[in-house]
Structures are given as C-alpha cells and as structure tokens.
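**Student:** A single structure is presented below for examination.
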Amino acid sequence: MTAPARYLRTVLVPIHQLREFPGNAKRGDIPLILDSLRHNGQYRGIVGREVTDDPLLTVLAGNHTMKALVLHGPGDCGHPVKVRGKERPCGVCSNDPGWELAARVEVVECDDDTARKINLVDNRSSEKGSYDRDALAELLSYADDDLGGTGYTDADVQLLIAPPPSLEELADSYGDPEEDDFWPVLKFRVAPEIRDAFYGLTINCADPNDDAVRFRYLLDRARNATEPAA
Ligand SMILES: [Zn+2]
C-alpha cells in the first residue's frame, strides 16, 4: 500500500550529502537558475527523500537548484549582483570566502512509487502551466531595466510587449499568401565563375530579373540537350 510523502524537517545540508534523482528526465537551464540564486537567494527548499540506513538524501524536486549550487561552488564566487545600479553581495555565498556549499532541504519520507511521482509531477507541472500575458507584462514592467534574476532578457520582454504579427495580421498587411509562398527555396554558395556562367547561359530567358525563371530556363536547356535528336 502506498501513502503520500510525509514531511520530516527542514535542514541545511552539505551538497555532498545529496544525490540526484536517478533518471531525472528534466534538463533544466542551470546557469539561469544560478543567476536567480545569486539575485534572489534560495527562496525555495530542495525536496530530499530520506531512506533508513542511507546516509544520502535523494533529491525528488530541485535537482537543478542542486546543480546550480554545485556550479557556484564553495567559497566566494566573486560575482556580486547589480540591482538597480547598485552592487549587492551574491545571494548564495554573500561573497564570503568561508561559505560552505550547502542547500536548504525539506526532508520527506515516502515509498518508491510516490518518490517517482513527485519527481515526475514537479517537472511536469512547471511546463504544463500557461501565462496571462498581460499580467506577465505588468509584473515585468516593475523590473524596468533591471531584469537580472528574473529569467527574462530584454529580447523576451520586447517580444511580450510587441509580439510578432499573427498570420492573420500578416495577411491583412500583405494580402493573402500566394501559392508559391510555400514553395521550397534553393540557396547555395558558388564560385564567381559559376555565377557568371549561370547568368551567361540564361541571358535569353523570359525574365532575366528573376533567378527562378533563369533556373527553369537552364533546366529546359539541359532537358533539350539530353533528349535524343528527333
Ligand atoms: Zn556567490
């Protein structure tokens, strides 16, 4: 019989006492998480599973936070953060040379089944959600030019404020798509003498301003040349 996970305690644990969840399928953006940790600190506990007689805790949720801390390393990382033009110590190590590589962990106990489910759903739930774009734009507007630690770049914000036009809007501006809009595009690099030969051999085509017309003309010439003479 399986039971839900049971919360035991919250502790500060040296990283070497944590073990990555075996087979964790999510590949997180570790530098982004480290940037957040430096700006915001570890605002959320890693969830670690305790098993009797096992000296290590297995990380069910927060595997990438653990990896970001490993990437940070012990001691002073030498990376203070800039917030609204002012420098402030790193939210992980406080730029203290004596800082020990450790993470705050919520320790739980559970069976194997529940451990797998927690690991899966924790990864899944973060990708299944969606955004209220207006609310997101509003929140980001408070960040002003100070996006460090938000996980957003200027380009992200620009896309949000002025998203690229939809297909319908494009059709309004440029008319409905033509059939040949969806044709394949050939593009390749050639030596100058090949280009000259191409233009030379196709000079008599119907529309010399259109390389596609030149190309069809060249194909016709090639076909005629290879057909046995009548
Ligand atoms: Zn640091």
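**Student:** For the condition more than 30 Å from Asp220 (Cβ to Cβ), under 34 Å from the mean Cα position of the chain (by Cα), of a type in the set (D, E, K, R) and at pLDDT 85 or above, what is the one hit in Glu168, Glu138?
**Tutor:** Values: Glu168 fails: at pLDDT 85 or above.
Among Glu168, Glu138, only Glu138 is more than 30 Å from Asp220 (Cβ to Cβ), under 34 Å from the mean Cα position of the chain (by Cα), of a type in the set (D, E, K, R) and at pLDDT 85 or above.
**Student:** Right, something else. When you scan the range 69-88, do you find a residue that is away from the ligand (no atom under 15 Å from the Cβ), surrounded by 13 or more Cβ atoms within 10 Å (Cβ to Cβ) and of a type outside the set (Ser, Thr, Tyr), even just one?
**Tutor:** Step one: list which residues in the range 69-88 are away from the ligand (no atom under 15 Å from the Cβ), which gives 84-86.
Pick out the ones that are also surrounded by 13 or more Cβ atoms within 10 Å (Cβ to Cβ) and you get none.
No, the range 69-88 contains no residue that is away from the ligand (no atom under 15 Å from the Cβ), surrounded by 13 or more Cβ atoms within 10 Å (Cβ to Cβ) and of a type outside the set (Ser, Thr, Tyr).
**Student:** Out of the range 29-68, which residues are within 14 Å of the ligand (Cβ to nearest atom), closer than 24 Å to Tyr142 by Cα and either hydroxyl-bearing (Ser, Thr, Tyr) or part of a helix (DSSP H, G or I) (or both)?
**Tutor:** Answer for the range 29-68, where residues must be within 14 Å of the ligand (Cβ to nearest atom), closer than 24 Å to Tyr142 by Cα and either hydroxyl-bearing (Ser, Thr, Tyr) or part of a helix (DSSP H, G or I) (or both): Pro31, Ile33, Leu34, Asp35, Ser36, Leu37, Arg38, His39, Asn40.
To keep it simple, each residue is scored yes or no on (1) in contact with a helix residue (DSSP H, G or I) (Cβ under 9 Å, 6 or more places away or on another chain); (2) surrounded by fewer than 12 Cβ atoms within 10 Å (Cβ to Cβ); (3) not assigned by TED's automatic domain parsing to the domain that holds Arg27.
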residue: Val108; (1), (2), (3): yes, no, no
residue: Arg116; (1), (2), (3): no, no, no
residue: Asn119; (1), (2), (3): yes, no, no
residue: Asp144; (1), (2), (3): no, yes, yes
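**Student:** Given (1) surrounded by 10 or more Cβ atoms within 10 Å (Cβ to Cβ); (2) under 20 Å from Val83 (Cβ atoms), where does Val190 come up short, assuming only one miss?
**Tutor:** (2)
**Student:** State whether the residues of the range 146-157 include one that is of a type in the set (Phe, Trp, Tyr), outside the structural domain of Ser36 (by TED's automatic domain parsing), under 30 Å from Asp35 (Cα atoms) and without any contact (Cβ under 8 Å) to a residue 24 or more places away in the chain.
**Tutor:** Of the residues in the range 146-157, the ones of a type in the set (Phe, Trp, Tyr) are 152.
Then keep just the ones that are outside the structural domain of Ser36 (by TED's automatic domain parsing); that gives 152.
Imposing the further condition that a residue be under 30 Å from Asp35 (Cα atoms) reduces the set to 152.
Imposing the further condition that a residue be without any contact (Cβ under 8 Å) to a residue 24 or more places away in the chain reduces the set to 152.
Yes - at least one qualifying residue is present in the range 146-157.
**Student:** Oh, and also: Need pairs with beta-carbon distance below 9 Å; first residue over 19 Å from Trp99 (Cβ atoms) and within the range 48-70, second charged (D, E, K, R) and crowded, with 22+ Cβ neighbours inside 10 Å; sequence gap 6+ or separate chains.
**Tutor:** Partner pairs satisfying both residue conditions: Leu57/Arg49; Thr58/Arg49; Val59/Arg49; Leu60/Arg49.
**Student:** Here's another thing I want to ask about it. I'd like to know if the range 72-86 contains one or more residues that are assigned to a helix (DSSP H, G or I) and farther than 20 Å from Ala25 by Cβ.
**Tutor:** Within the range 72-86, the subset assigned to a helix (DSSP H, G or I) is 72.
Subsequent filtering for residues that are farther than 20 Å from Ala25 by Cβ retains 72.
Within the range 72-86, one or more residues are assigned to a helix (DSSP H, G or I) and farther than 20 Å from Ala25 by Cβ.
The values are calculated or read from the model by the stated rules, or taken from the named source; none is laboratory data. Given the structure is predicted, the values throughout are model-derived calculations rather than measurements. Reconstructed Cβ throughout: ideal geometry from the backbone, glycine too, with neighbour counts over all protein chains shown.
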